[in-house]
Amino acid sequence: MAGWRTIPPTMFKRLIKSQAMRQRVSWLIAAVLILPFIFFFHATAFRPPAGPGGTAGVLFGKPVSWDTFERYYRMAQSRLESQYGELPEGLRPLIVQSTWDWLLLLEEAKRQRLRTGDAALRAAIEQEPVFQEAGRFQRDRYEQVLARNSLAPAQFEQQLREQLLVEQLIERFRASVHVSDDEVRAAYRRAHEQLTATLFVLNPEAFHKRAADVTDEAVRQHYDAHPEGVRVPEQLRVEYAGATRDALASKVQLSDQDLAAWYDEHRQEFAKADGTVPPLAEVREDIRKRLTAQRVERQLLALASDLEDDLGDQRPFDDIVKSRALLSRTAGPFSADHPPALEALEPEIIAAVSTLPEGRLSRVIHTASGLYLARVAERIPARVPPFDEVKAQVRTQLIESRARQAAQQAAEALAAKLAEAAATHTPQAEVARAAGAPAPTTVTFTRAGLIPPLGLAPEVNTAAFATPLGQWTNVLETPRGYVLLRPDALTPADDSGFAAEATTLRETTLADIQVRRWRDWLQELRQQAKLQSFVEQPLPAAEPPGR
């Protein structure tokens, strides 16, 4: 697999950041993981490993070759790994489903006789900044970027045609979904209607005192039975090196001629509403910022390409740092599951190295501040500390566990007494006193609003609005304790505020409906396709370049 190459993530990142692309498909990506290939293409040097061969499955009665399936599978895998680092095994079955969904959409687009013309293809290529200089498409740059990554233009353009084809299918579907005025108004009323209810909260803290009488023997038994409660997770010490936008920007030198030339070429971008263009002196600093940012992005793109070459040549980390003049730092030890709030160690870096073996280099990592390479310098194994070292911690855990269990039992006993009292019309306050429970409170809230004193408790909102007026919910567990709630009155929404929210609410309601109907439509399409998949297990992880 050493020969497998892909477009570097810097190119991929810039492509998917296209504003037009975000507007077209962001709603869908947020809903279902079925578009893992957006402007991301594998390289001509890729050769699939020895596999079962033959057919991977049948779609719309047509066989799908194993090579075809694996090609698209690797594209999905590569896109996810460029964002999240090496994928955990639990995520790999989703790549299989995503691959079949992509092939399904591509086939459906062809069945609907959609086409991607040469003009649309050319426009998509020319509009991407990665192929531009000073905001203009450069054919030689386009060919250089593809050649640097072992990609033939014909191959790249075929993959791009497929992407645009699926986009057309998505746009056609989205355009077919509408939201009515009645649906928007109903959404407003659901969001603003209020429920007034009687609420009991049994907080475990109220049971701490009676749960605090624990013996050393009980503490030791709890330690033996629940080692995960005191387990210290694996710790990482990470070395990372790279270049930041701020550091590169500080070294950019721009002459007056540079600023004037940029102004002459882009002066219409500064035109005011009346059509007048301000003089250079008035927009000089704005131009300086724009031109500096442009040159920094160009440097980062070149550096990313160089680093990809270094990884492909399997150069040692220290050699890369020295030859590329990267700033090197160390962080840790820290837990990958609960990383420290270090501004310098961005989440993308942690994600890229969290699953790497000790010493192995990451891919090029792109963050808001710049780009980096990283490696795990040391993995400190997880451990369970000796009992004497964590005895006090285990005692606290045992007390909290017993208090929570006591609160749950008290809530269930109260629920039973309230059910009995309903038949005898006994006042609930009297029932609460007899059960030793706190007095109930009256609360008012919306379907998604905060519930005092619980705060954000969506499971309680859902249960409350689903329970008939005058009836008690089941015992509900929340972070603040165990809850019993009785809806008493439903207040309709005040329609006077509808006009102020109508536009925004129409957009969000339409997006919700589109997502729901898309899922339903995709499921129907899967059934129509009568998919037969012979891929019983996720494919083995591909070995990235430079390993």
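The values are calculated or read from the model by the stated rules, or taken from the named source; none is laboratory data. If you're wondering where the values come from, they're calculated on a predicted model, not measured in any experiment. Neighbour counts run over all protein chains shown; Cβ positions are idealised from the backbone, glycine included.
Assorted remarks:
- Residue count for region 147-170, restricted to those that are of a type in the set (Lys, Arg) and farther than 14 Å from Thr116 by Cα: 1.
- Cβ pairs under 8 Å, 6+ apart, first in region 127-145 and over 21 Å from Leu164 (Cα atoms), second surrounded by 18 or more Cβ atoms within 10 Å (Cβ to Cβ): Ala134/Trp262; Gln138/Phe131; Arg141/Phe131
- Residues that are within 21 Å of Ala406 (Cβ to Cβ) and touching a residue at least 24 places away in the same chain (Cβ under 8 Å) within region 461-478 comprise Trp472, Asn474, Val475, Glu477, Thr478, listed in sequence order.
- Filter pass, Val177 being at pLDDT 90 or above, within 27 Å of the chain's Cα centre (by Cα) and of a type in the set (Val, Ile, Thr): yes
- The condition of being polar (S, T, N, Q) and not in a helix (DSSP H, G or I) holds for only one of Thr509, Thr473, Thr462, Thr504, that being Thr473.
- Residue selected from region 393-416 under the condition more than 38 Å from the chain's Cα centre (by Cα) and surrounded by fewer than 16 Cβ atoms within 10 Å (Cβ to Cβ), by the criterion farthest from Gly481 (Cα to Cα): Ala416
- Leading residue by the ranking (surrounded by the most Cβ atoms within 10 Å (Cβ to Cβ)) among those in region 432-450 that are free of Cβ contacts under 8 Å to residues at least 12 places away in the same chain and not in a helix (DSSP H, G or I): Leu450
- Residue within region 142-151 that is of a type in the set (Phe, Trp, Tyr), part of a helix (DSSP H, G or I), closer than 23 Å to Asp309 by Cα and over 30 Å from the mean Cα position of the chain (by Cα) present: yes
- Only listed residue being farther than 30 Å from Leu301 by Cα, of a type outside the set (Ser, Thr, Tyr) and in the same structural domain as Arg363 (by TED's automatic domain parsing), chosen from Lys209, Lys272: Lys272
- Residue match in region 223-233 (condition: closer than 26 Å to Arg136 by Cβ and surrounded by fewer than 13 Cβ atoms within 10 Å (Cβ to Cβ)): no
- Identity of the residue in region 350-366, of a type in the set (Val, Ile, Thr) and more than 14 Å from Leu307 (Cβ to Cβ), that ends up nearest to the chain's Cα centre (by Cα): Ile350
- Identity of the residue in region 200-233, assigned to a loop (DSSP other than H, G, I, E, B) and in contact with a strand residue (DSSP E or B) (Cβ under 6 Å, 6 or more places away or on another chain), that ends up nearest to Pro347 (Cα to Cα): Pro233
- Residue selected from region 90-144 under the condition of a type in the set (Lys, Arg) and over 15 Å from Leu525 (Cα atoms), by the criterion modelled with the lowest pLDDT: Arg92
- Selection status of Tyr240, outside the structural domain of Val483 (by TED's automatic domain parsing), surrounded by 13 or more Cβ atoms within 10 Å (Cβ to Cβ), touching a residue at least 60 places away in the same chain (Cβ under 8 Å) and among the aromatic types (Phe, Trp, Tyr): yes
- Within the option set Glu477, Glu501, Glu536, being more than 25 Å from the chain's Cα centre (by Cα) and under 30 Å from Phe60 (Cα atoms) holds for one residue only, Glu536.
- Within region 182-199, the only residue that satisfies the criterion of being within 32 Å of the chain's Cα centre (by Cα), assigned to a helix (DSSP H, G or I) and among the acidic types (Asp, Glu) is Glu183.
- Taken as a whole, region 155-176 holds no residue that is outside any helix (DSSP H, G or I), surrounded by fewer than 19 Cβ atoms within 10 Å (Cβ to Cβ) and not polar (S, T, N, Q).
- Residues within region 475-499 that are of a type outside the set (D, E, K, R) and surrounded by 15 or more Cβ atoms within 10 Å (Cβ to Cβ), tallied: 11
- Tally of residues being over 30 Å from Pro381 (Cα atoms) and part of a helix (DSSP H, G or I) across region 313-333: 2
- Against the list (1) out of contact with any helix residue (DSSP H, G or I) (no Cβ under 9 Å at 6 or more places or on another chain); (2) touching a residue at least 12 places away in the same chain (Cβ under 8 Å); (3) not charged (D, E, K, R), the condition Gln158 fails is (2).
For (1) outside the structural domain of Pro440 (by TED's automatic domain parsing); (2) among the aromatic types (Phe, Trp, Tyr); (3) surrounded by 13 or more Cβ atoms within 10 Å (Cβ to Cβ), each residue gets a yes or a no:
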site	(1), (2), (3)
Ala463	no, no, yes
Leu469	no, no, no
Thr473	no, no, yes
Glu501	yes, no, yes
Arg506	yes, no, yes
